[in-house]
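For reference, the structure discussed in these notes is given below.
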Amino acid sequence: MTDVLDTTLSTLLPASDDPAGWVDAACRADPEPDRWFPFPTEDFAYARDVCHHCPLRTRCELFARATGQSGVWGGKEFDRGREKRA
């Protein structure tokens, strides 16, 4: 039997003192998490556009800064908690 890895963004959203709060994340059901972790030469317009309409955009950005995350958080690209591109 082969285990199937769940790669939806809901499995990548951070654990926090209020995990239920991430249920409203616009990216939660996105089945392509690679779009949220672009290579430096790749555009991240798709992720930025999804984040633009998300009610948790600011929360995601603050989480990325505070915890040293990499990838697109709150519509901005981060590398170990430092903003690279907006």
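The values are calculated or read from the model by the stated rules, or taken from the named source; none is laboratory data. None of these values were measured; they are calculated from a predicted model. Reconstructed Cβ throughout: ideal geometry from the backbone, glycine too, with neighbour counts over all protein chains shown.
When restricted to residues that are among the basic types (K, R), modelled with pLDDT of 85 or more and farther than 15 Å from K84 by Cβ, segment 12-58 contains 2. Report yes if some residue within segment 68-82 is part of a loop (DSSP other than H, G, I, E, B), basic (K, R), surrounded by fewer than 17 Cβ atoms within 10 Å (Cβ to Cβ) and modelled with pLDDT of 90 or more; otherwise report no. Within segment 68-82, one or more residues are part of a loop (DSSP other than H, G, I, E, B), basic (K, R), surrounded by fewer than 17 Cβ atoms within 10 Å (Cβ to Cβ) and modelled with pLDDT of 90 or more.
Summed over segment 29-85, the residues that are within 12 Å of the chain's Cα centre (by Cα) and at positive phi give a count of 3. Residues in segment 41-66 that are over 17 Å from G21 (Cα atoms) and touching a residue at least 40 places away in the same chain (Cβ under 8 Å): F44 alone.
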